[in-house]
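Working notes, beginning with the structure itself.
The values are calculated or read from the model by the stated rules, or taken from the named source; none is laboratory data. On a predicted model such as this, the values are computed, not experimentally measured, just so you know. Every residue, glycine as well, gets a Cβ built from its backbone with ideal geometry; the counts of neighbours run over all protein chains shown.
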């Protein structure tokens, strides 16, 4: 199943991943792993951040409170983790500044784990973002926060079912009460160390008249960048004319994204 | 295929995409989301929203109750802030100013510091910083937690919802109501709060106009002038009402100017900025009292206070220096006062006030003490402010204050114009710096800085002109 | 309007290219009308164009280099209009004028960058095709709305943006390049059209500006489609789409919030001043201004 990453290779992998993250302004310091925190505005993302790191970041009952990126650290099982709180966004498709920050961080920064915080009361809208995240990373965990509020409203969530449908670990939590945080940490640790496998739900792009174009581009991309993950997604962004993705394709950057993970043997078991 | 060819091929294929391709894509993701959601979520019963939430929502946004509740809430927040800050401000002033300052002077003497060094450090730097801290900290430490509680509870989005139609008419966003109210506490915090406005044009409008919200550092100036000068014009029984009405009038003028300048901005310089409206009304969430207190003090109060101190410290040095550097037998401050007396007269003010505003750009809190100090220095009065040139002071005796200022040539016109000027002048340097940090644009920082002072010059100039014509 | 010679030449070339595309004959009257210049100036202009070998010596046809130049200006104009529509807050009544001013300043490189930034759009906000760098454009389709009589149903494909007072009337009615409409009544003066639960009466001069095509096989005029702004408390609606008048940042934001076909919406929170109104959309309460709600097409669902 899952190969334990060879320590020698992993160092190389961490180094190459370091340089990518540093380009995005993250000072890795002593951290062994980088964890990104994504989610809709107003899902208690900052509360999760605070619960995990112990920091006291302001959490307003406002859509779009945290704009500046916050970073914090925590240790678990003897490893040091760096947690990066991405701007709260509804989507990764609209090319607003916030969304680009979040999208580029997840896609080009290759964090070791991306945690998507979702609100069970507005599940459809939150899954919309989660599904988009799952298109560009294989190492994701979905954290259903605000379970206390959901229970008060008579809403219950089938965590196992959700995990099965999404193809990634799902943790039910109520960060305000500290509920589920331990489990979240365990899942983060397992995924960062390559102990858990995942096969994220991939969207089928069955829009008539588009399928052929995508297939053609996917074939061309596979040919040019054999190790590249998420080819369909890249093909779609190329079709839509996303300037950042076009740039990444023309410089070949897009092709290197899969490599460091392939080197450790994690990507082959995890995804696609 | 080479990367460049792939890109070229993609742009050829783009012609085959349906025009609503992006829509279809989002629609498809939503279809998947909905399918997954319905499989894994169970809603017990038919109640989608709790009854209390529905009732509260309609109460807060109702035609008859929405507005009164809003006015009541804001008024009580301001009232609690102003009243509640008195005691801690007094304690801080006693400790830092009445005891701390002489003690430091004494220490400087014991250490045999040269007079100019102890002047710059103790009378300039320390005194100014201590002043800013004692006047600024308590109201902010009360105002921000209260405001944050309302915010965390989810009340503020309802206010934006209620008031949006007013802001829409001037091309602004309903959420500006909140950044404006936040500005009544502190403009710098108000500018930071504009982050909740996610439309570029409306956010810039909110940032640029925030200075018209009378901030914490200016309320005391308004109250003082209204009490001493305007209240004194009427019989004592009416004095309280008249001065309160005058202060309220200035604050309301600020609101009107906010709307007016928003309208000007949205139809001129900002009309090309992208604009969108989204306002989500989040569910009510009982705020966590302790955490709210903690985070609002860390996030808002201390950050703003720190910035103010950073800016106030050098200002204290400058203030002391201009009062003590002598050129041809006259202090630099005196020279400046004489130079600015003419332009000051034109807008109903005087040289002392203008110099005070230039020096006190870091914090509005030190305008009045600086004015008093400069007045004593320029009139050569004795009996008050005897600590020496460049040492700010304040007096709690309103009659003494009136006498002092009248000796400095102040009239009701001066006080009226100063109240107006205090509303319409450049933002303090903390706010200017914050605007720069938030917009990253020199242009908008300059506009935010000079637009209000332009308004101030026009308004004060007009008032002074008419006043003098009418009074003969 | 005073124009320097260069600008005038560019305007003329654009006009020639547009007429070519529309298969309309160029005459001196047309030039006089569209370019607002005197007959003497037209003679001078034609002479200049021919000296520069942009127009054939013996006809009004563009030469190869004239055509290339014209398509560049056309591309610059239409891309810039698209840019204004999507990325700025300028009101649509001044797009044309701003693009007219800006098109002359854009070099080939600028145009290329602009096209990239916008994701290589194919149509401008009025439904006009944007030529590619190599000058390709899809063929023109459709006929003016006035050509049709009562009972005809079709889809709008293009709205002429000049003169702007006529254009404003059309856009204020919420008619746009993807509207499906039915002609209720047509007489010698006016034409009554029905769409999205409302009837609009346009004089011929206005209807002249609207180009329509017949409906395709899987396309029908649906009388039950209305606008979200007409939804009342207690009623339930299924969203069927968004008008193309809702564009740029605003459109993506609404899509992301769940304003997609199939979403059920109800009125959750009324506003004493009428706007904005809070709609329950995908579990959240989203406040939309009246203008926004008018751009969202719905079908009311019986409970």
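Summary of values
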| item | result |
| --- | --- |
| Any hit, the range B:414-423, residues being modelled with pLDDT under 95 and either at positive phi or exposed (fewer than 15 other Cβ atoms within 10 Å of the Cβ) (or both) | no |
| Among the residues listed as C:233, C:261, the single one being outside the structural domain of residue C:90 (by TED's automatic domain parsing), more than 25 Å from residue C:127 (Cβ to Cβ) and modelled with pLDDT under 95 | C:233 |
| Meets criteria (facing another protein chain (nearest Cβ under 8 Å) and either without any contact (Cβ under 8 Å) to a residue 24 or more places away in the chain or within 16 Å of the chain's Cα centre (by Cα) (or both)) for residue A:245 | no |
| Odd one out for residue A:236 among (1) facing another protein chain (nearest Cβ under 9 Å); (2) assigned to a loop (DSSP other than H, G, I, E, B); (3) within 22 Å of the chain's Cα centre (by Cα) | (2) |
| Residues within the range C:104-121 that are part of a loop (DSSP other than H, G, I, E, B) and crowded, with 17+ Cβ neighbours inside 10 Å, tallied | 5 |
| Among (1) surrounded by 13 or more Cβ atoms within 10 Å (Cβ to Cβ); (2) at pLDDT 85 or above, the one test that residue C:30 misses | (2) |
| Unique residue being modelled with pLDDT of 85 or more and not in a helix (DSSP H, G or I) when the list is A:66, A:43 | A:43 |
| Qualifying residue in the range C:193-209 (condition: more than 14 Å from residue C:158 (Cα to Cα), assigned to a loop (DSSP other than H, G, I, E, B) and touching a strand residue (DSSP E or B) at 6+ places or on another chain (Cβ under 8 Å)) | yes |
| Residue in the range C:256-269 that is surrounded by the fewest Cβ atoms within 10 Å (Cβ to Cβ), counting only those that are within 11 Å of another protein chain (Cβ to nearest Cβ) and either part of a strand (DSSP E or B) or under 21 Å from the mean Cα position of the chain (by Cα) (or both) | C:264 |
| Residue in the range B:62-69 that is over 27 Å from residue C:277 (Cα atoms) and modelled with pLDDT of 90 or more present | no |
| So residue C:163, is it closer than 30 Å to residue C:34 by Cα, outside the structural domain of residue C:243 (by TED's automatic domain parsing), in contact with a strand residue (DSSP E or B) (Cβ under 9 Å, 6 or more places away or on another chain) and exposed (fewer than 14 other Cβ atoms within 10 Å of the Cβ) | no |
| Residue satisfying all of: in the range C:166-180; surrounded by fewer than 17 Cβ atoms within 10 Å (Cβ to Cβ) and in contact with a helix residue (DSSP H, G or I) (Cβ under 9 Å, 6 or more places away or on another chain); modelled with the highest pLDDT among these | C:169 |
| Residues located in the range B:146-172, provided they are under 20 Å from residue B:257 (Cα atoms), more than 10 Å from chain C (Cβ to nearest Cβ) and not in a helix (DSSP H, G or I) | B:170, B:172 |
| Matching residues in the range B:237-259 - criterion: being surrounded by fewer than 16 Cβ atoms within 10 Å (Cβ to Cβ) and more than 18 Å from the chain's Cα centre (by Cα) | B:237, B:238, B:240, B:241, B:244, B:245 |
| Leading residue by the ranking (nearest to residue C:171 (Cα to Cα)) among those in the range C:85-114 that are under 18 Å from the mean Cα position of the chain (by Cα) and at the interface with another protein chain (Cβ under 10 Å from one of its Cβ atoms) | C:91 |
| Some residue of the range A:109-122 being in contact (Cβ under 8 Å) with a residue 60 or more places away in the chain, part of a helix (DSSP H, G or I), within 12 Å of chain C (Cβ to nearest Cβ) and more than 19 Å from residue A:198 (Cβ to Cβ) | yes |
| Among (1) outside the structural domain of residue C:15 (by TED's automatic domain parsing); (2) buried (at least 21 other Cβ atoms within 10 Å of the Cβ); (3) more than 30 Å from residue C:263 (Cβ to Cβ) - the single one residue C:128 does not satisfy | (1) |
| Residue C:290 being closer than 19 Å to residue B:158 by Cα, more than 8 Å from chain B (Cβ to nearest Cβ) and surrounded by fewer than 19 Cβ atoms within 10 Å (Cβ to Cβ) | yes |
| Scan of the range C:141-160 for residues that are under 26 Å from residue C:251 (Cβ atoms) and either without any contact (Cβ under 8 Å) to a residue 40 or more places away in the chain or surrounded by fewer than 16 Cβ atoms within 10 Å (Cβ to Cβ) (or both), ordered by number | C:141 |
| Scope the range B:285-299; condition closer than 30 Å to residue B:165 by Cα and at the interface with another protein chain (Cβ under 8 Å from one of its Cβ atoms); matching residues | B:285, B:287, B:296 |
